[in-house]
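Working notes for the structure below.
Read-outs throughout are calculated quantities, based only on the coordinates presented, and are distinct from any laboratory measurement. Please read all numbers here as calculations on a predicted model, not as lab measurements. As a convention, Cβ positions derive from the backbone with ideal geometry for all residues, glycine included, and neighbour counts pool all protein chains shown.
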Amino acid sequence: MIDDLREKIDEIDDQIIPLLEERLKIAKEIKKFKKKGQIFDPKREDQILSKTESHYIKDIYKTIFKNSKKVQLDDL
């Protein structure tokens, strides 16, 4: 039973990981259109966070935002 559930999680992770990698690539592209020092967009983050009520998912997204900002700050 636990092995079946772990297999389902693995299947989900196999979908999530490439999507997160693509998201970071896009974040890196977006920095081309931002002015220096214009990395943080609180309205945009709030818009995304409002799509869920789960504080667990919000925490995950806050980490995604943090790493997206790091990617955008690289090479500036």
Once both labels are modelled 7 Å past Cα along the beta-carbon direction, what's the LYS70-LEU20 spacing in nm?
1.1
Cut-off under 23 Å on the C-alpha distance; same-chain residues fewer than 8 positions from LYS8 excluded. Which lysines are left, in chain and number order?
LYS58
Given backbone amide H placed at 1.01 Å from N, residues whose amide H is under 5 Å from that of ILE39, ignoring those fewer than 5 places away on the same chain, are none
Quick one: net charge of ASP14's neighbours, Cβ under 15 Å, K/R +1, D/E -1?
-4
Apply 1/(1 + (r/R0)^6) to the Cβ-Cβ distance of ASP46 and ILE2, taking R0 = 25 Å, and write down the FRET efficiency to the nearest 0.05.
0.10
If the cut-off is 24 Å between C-alpha atoms, which lysines fall inside it for LYS62, apart from same-chain ones fewer than 8 positions away?
LYS25, LYS28, LYS31, LYS32, LYS34, LYS35, LYS36, LYS43, LYS51, LYS70
Between (1) 1.15; (2) 1.08; (3) 1.36, which matches Rg/Rh (Cα atoms, Kirkwood Rh) calculated for the structure shown?
(2)
Would you work out which of VAL71, TYR61, ILE16 lies farthest towards the positive end of the dipole of the chain? Charges go on Cβ: Lys and Arg +1, Asp and Glu -1.
VAL71
